[in-house]
Amino acid sequence: MPSPYDAIVIGGGPAGGTAARYAARRGLKVLLADKRKEIGVPVQCGEYVAQNEEVRSIFPTVGALEDLMEVPYQVRELDTPVIRIWSPKGRRYDVPFRGFTVRRDRMDQGIVAQAVHEGAELLTETTVQRVRGQEVETNRGTFQGKVIVGCDGPRSTVAKSVGLEWPVSAPAMSATARGDFGTATDMFFGNLAPGGYAWIIPKAGCANVGLGTWQHFRGNLRALFDRFVASRGLEPGKATGGFVPVLGPPPRTVKDNVMLVGDAAGMVMATNGGGNNLAMIAGRIAGLTAADHLHDGVPLDAYESRWRAAIGGPLEEGVKIKGFADRFFGSDRLLEVAMMLLGRRRMARAIRCQRLWFPNGAKPL
């Protein structure tokens with residue numbers, strides 16, 4: 001068995017790459033393992049990143065964003081200053097929101113390169129089969145790690161191995177379509193994507209086109225996707241699918257020597273599907289907490305309280321907003337009326353996972 005590592009990070013996406021980067025920066029011996037042959041391939045994401053200014057407005061206690069988000073800004077393709085929200089009948093609501101699109105494969109590869117530069121060891125084509133205590137069993141042998149960081153998606157093998165809950169997730173599918181799509185990000189609501197939405201996210205000379213539903217969906221996702229792209233006159237390339245957390249994090253993301261980060265921990269904003277920024281914020285917290293634990297004896301449970309203090313409030317509010325919206329998703333007519341009553345300003349708050357009613361904390365008499 002190879003010599004033990006201080007930390008073994010499972011999954012080379014934004015969460016895992018960031019966790020490995022900051023753990024290694026603090027002097028830990030880190031192994032970063034990913035099942036894919038090439039980091040970030042195939043792309044299974046909308047490839048959208050919120051600008052730092054938006055992140056500060058939503059998560060005001062999160063600092064040092066320039067260092068954290070260095071790679072996403074290096075690979076940014078197109079700034080998207082507005083999100084256009086489309087109702088079932090085609091009514092449009094323009095919501096100012098500062099974001100940009102990236103080549104997600106390049107972003108993941110860049111973050112992992114940062115981790116390797118800090119001293120982490122990278123092992124690709126490595127599939128985790130089970131975690132038992134400090135042992136991580138893989139197709140390439142068993143490795144020992146004092147701390148295990150599970151960043152292996154919503155159907156996390158790490159979580160399952162140690163008895164942590166999977167986040168409630170729903171199916172999604174996306175592909176790339178060539179063409180000029182302007183600079184606005186489009187979100188389409190209604191029965192074309194039951195309980196979720198379809199999207200067109202512009203990039204340089206192309207767009208990420210996709211569709212996601214809610215956790216109750218049991219139909220043919222590919223048929224919905226094909227119908228949507230046909231209705232927009234698009235001819236995308238090969239589509240990839242997966243699951244996206246839709247109801248926030250499970251009750252616990254730490255157990256014994258294991259921490260869960262990113263999609264494995266349900267860290268996705270329930271109202272807009274955004275997870276890249278959250279994965280990196282929590283990944284940094286996980287990496288630094290692992291170092292604090294091993295260097296100074298800080299309980300690993302500190303990770304739970306730290307990430308919830310940083311990003312937990314908006315995540316919780318987003319789940320509440322989605323629960324409210326789910327009441328109307330079964331009927332395009334009701335959804336149309338609900339969107340009209342909400343209006344653009346409240347939709348802007350919903351997109352940011354902010355309270356829709358009495359936003360300043362005031363309560364009705």
* Which aspartates and glutamates does Lys89 reach when only Cα atoms under 14 Å apart count, and residues fewer than 8 places away in its own chain are ignored? -> Asp332, Glu336
* Helix-only mean residue ellipticity at 222 nm for the chain, each DSSP H run of n ≥ 4 adding -39500 (n - 2.57), per residue, nearest 500 -> -10000 deg cm²/dmol
* Hey, what angle do you get for helix 313-326 against the long axis of the chain, alpha-carbon based, 0 to 90 degrees rounded to 10? -> 40
* May I ask you to list the lysines whose Cα is less than 19 Å away from that of Lys35, ignoring any residue fewer than eight positions away on the same chain? => Lys160
* Express in nm, to one decimal, how much length is gained between Asp296 and Trp357 on full extension, taking 0.36 nm for each residue of separation and deducting their alpha carbon distance. => 17.6 nm
* So what does Ser231 come to for accessible area, using a 1.4 Å probe and Å² rounded to 10? -> 80
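For a quick check of your reading of the filter: which trypsin sites (Lys or Arg not before Pro) in segment 1-44 sit in a DSSP loop and have no more than 15 other Cβ atoms within 10 Å? Could you put the intermediate results ahead of the total?
Values: sites: Arg21, Arg25, Arg26, Lys29, Lys35, Arg36, Lys37; in loops: Arg26, Lys29, Lys35, Arg36, Lys37.
Qualifying residues, ordered by number: Lys37.
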* Return a whole-number percent for the relative contact order of the chain, with Cα pairs under 8 Å and 6 or more residues apart as the contact set. => 21
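Leaving ligands, DNA and RNA out of it, report the carbon-plus-sulfur percent of the accessible area of the chain at a 1.4 Å probe. Kindly include the intermediate steps, with their values, before the conclusion.
On the way: 8070 of 15540 Å².
Its accessible area is 52 percent carbon and sulfur atoms.
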* What are the ³J(HN,Hα) values, in whole Hz, obtained from phi via the Karplus relation 6.51 cos²θ - 1.76 cosθ + 1.60 with θ = phi - 60°, for each residue of segment 103-117 in sequence order, with x given for Gly and Pro? -> 8, 4, 4, 5, 5, 4, 5, x, 5, 5, 4, 4, 4, 5, 4
* Of the GluC sites (Glu not before Pro) in segment 56-159, those whose Cβ has at most 15 other Cβ within 10 Å and which sit in DSSP loop -> Glu125
* Straight-line reach from Lys29: which lysines have Cα under 17 Å away, leaving out those fewer than 8 places along the same chain? -> Lys146
* **segment 169-256 - accessible surface per residue (Å², probe 1.4 Å)** => 43
* Asked: For segment 45-115, with every protein chain kept in place, what is the accessible area per residue (1.4 Å probe, Å²)?
  -> 41
* Degrees between helix 332-351 axis and first principal axis of the chain (Cα, 0 to 90, nearest 10) -> 50
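Per residue, how large is the accessible surface of segment 274-365? Use a 1.4 angstrom probe and give square angstrom.
Dividing the accessible area of segment 274-365 by its residue count gives 49 Å².
The values are calculated or read from the model by the stated rules, or taken from the named source; none is laboratory data. These figures come from a predicted structure and were not determined experimentally. No Cβ is skipped: glycine too gets one built from the backbone with ideal geometry, and neighbour counts run over all protein chains shown. Note: areas computed on protein heavy atoms with side chains; ligands, DNA, RNA excluded. Shrake-Rupley method; radii C 1.70, N 1.55, O 1.52, S 1.80 Å.
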